[in-house]
Each structure stands twice: as C-alpha cells, then as structure tokens.
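Take a look at the structure below.
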Amino acid sequence: MSESRNLPAGGLYGLAGRLNRTLEVVCGLCMAAMVVIVWLGIFSRYTVDLGLTWTEELSRYVMIWGALLAVPIGAYRREHIGLDLVFRHFSPSMQRTVRFVLDLIGVAFFLFLTWFGIGMTVKGASQFATIFHMSMAVPFAAVPVSSILTAFMILASMGHAKHEAEECSLAGGTLND
C-alpha cells in the first residue's frame with residue numbers, strides 16, 4: 001500500500017478517506033458486537049438458561065450491516081475481487097482503459113443496487129422481525145446504504161487512480177511497480 005493511501009489528501013478522495021476510516025471503525029464495532037451477542041446467546045443457553053431468544057436474530061442483522069459496510073472499504077482500497085493474472089500483462093495505457101471501464105461498470109452496478117435496495121427497504125417497512133417486531137426496513141437498508149457508499153468510493157478512487165497514474169508516468173514507472 002502506498003503512503004498516499006494511508007494519508008488521504010483533500011478533495012473528494014480526502015473525504016472518501018475520512019469516510020473509509022469511519023466505516024472501518026463501524027465495521028469493527030459491528031464484528032465485536034456480533035461476537036459478544038453470539039457468546040451471550042451461547043452462555044445464556046448452555047450455562048444459566050436465561051432464555052435469551054433474541055441473540056441469534058440480532059447477531060444476524062449486525063452481521064449483515066457489518067459485512068455490507070465492508071464493501072465500500074474494499075472499493076476505496078481497490079482490494080475488491082479481480083483477476084490480476086491477465087491484467088498485469090497489459091500495457092499501462094491498456095490497464096488504465098480497462099480499469100476505467102470496469103470502474104464505470106462497478107459504479108453503474110452499485111447505483112442500480114442502490115435503486116433496487118431503496119425499493120426493497122420501502123417494501124420491508126411493512127414486514128417485521130420475528131422476535132424483535134422491528135421493521136425489516138432496518139436490516140434491508142444495509143443494501144442501499146452500502147451500495148451508494150461503494151459507488152462513491154469507486155468514483156473517488158477513479159479520480160485518485162488517474163492522479164497516481166500521472167505521477168507514475170512522470171516518474172517513468174507503472175501502477176504495478
């Protein structure tokens with residue numbers, strides 16, 4: 001990871017970096033909460049028989065939010081799933097073109113998923129969780145929230161990647177050096 005990834009600059013990429021750090025903390029808290037909730041459920045069931053029936057359902061919803069909020073983190077870091085085996089053999093100009101096209105496809109996909117997720121969340125508002133009687137709009141909202149954040153992170157990374165590519169070409173290298 002380059003030094004510029006650790007210290008976000010100003011502008012759109014700087015905002016994305018600050019948002020990314022916040023998401024990392026939120027994801028960490030979600031995972032910690034999930035572990036505590038699951039252990040509480042295990043402890044209450046097999047040790048003291050408290051009858052805490054809500055632990056499984058709550059841990060599921062916390063896991064959904066944590067996992068989906070991790071997607072924009074991967075997009076910001078450009079650590080999403082990809083096939084580098086073929087890509088790294090392309091020329092630097094071809095790499096930039098392919099990366100740009102794939103980023104546009106990614107943004108379009110996540111914007112579509114945001115739109116679809118909003119509809120799903122609205123429909124989920126009339127459904128209720130089995131144990132909590134909480135509106136299912138709360139867990140369903142993880143889809144549009146994470147999707148719009150991911151689209152934003154891809155857009156921010158696109159602008160930053162262009163800047164990095166210009167710096168690399170001035171230095172006589174490629175992005176894969």
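The values are calculated or read from the model by the stated rules, or taken from the named source; none is laboratory data. Values in this document were obtained by computation on a predicted structure and should not be read as measured data. Here the Cβ positions follow ideal geometry from the backbone for every residue, glycine too, while neighbour counts run over all protein chains shown.
For segment 72-91, the criterion of a residue being modelled with pLDDT of 95 or more, in a helix (DSSP H, G or I) and either of a type in the set (A, V, I, L, M) or closer than 19 Å to Ala141 by Cα (or both) is satisfied by at least one position. Count of segment 28-67 residues, restricted to those that are over 16 Å from Thr130 (Cα atoms) and among the polar types (S, T, N, Q), is 2.
With respect to Thr97, determine if the residue is crowded, with 17+ Cβ neighbours inside 10 Å, of a type in the set (Ser, Thr, Tyr) and part of a helix (DSSP H, G or I). I'd like the intermediate steps shown before the answer.
Numbers: crowded, with 17+ Cβ neighbours inside 10 Å: no; of a type in the set (Ser, Thr, Tyr): yes; part of a helix (DSSP H, G or I): yes.
So Thr97 does not fit the description; no.
Of all residues being among the small types (Gly, Ala, Ser) and without any contact (Cβ under 8 Å) to a residue 40 or more places away in the chain in segment 75-103, which is nearest to Val145 (Cα to Cα)? Just the residue, please. Among those residues, the one meeting the criterion is Gly82. Might you let me know whether segment 105-119 holds any residue that is in contact (Cβ under 8 Å) with a residue 60 or more places away in the chain and either closer than 23 Å to Thr22 by Cα or of a type outside the set (Gly, Ala, Ser) (or both)? No. If you check Thr47 against the conditions, is it within 21 Å of Met136 (Cβ to Cβ), of a type in the set (Ser, Thr, Tyr), more than 17 Å from the chain's Cα centre (by Cα) and surrounded by fewer than 15 Cβ atoms within 10 Å (Cβ to Cβ)? In short, no.
Restricting Leu69, Leu58, Leu50 to residues that are out of contact with any Leu (no Cβ under 7 Å at 6 or more places or on another chain) and either assigned to a helix (DSSP H, G or I) or at positive phi (or both) narrows the list to Leu58.
Looking across segment 16-44, just one residue is of a type in the set (S, T, N, Q) and loosely packed, with under 13 Cβ neighbours inside 10 Å, and that is Thr22. Of the set (1) in contact (Cβ under 8 Å) with a residue 60 or more places away in the chain; (2) surrounded by 18 or more Cβ atoms within 10 Å (Cβ to Cβ), all apply to Ala141 but (1).
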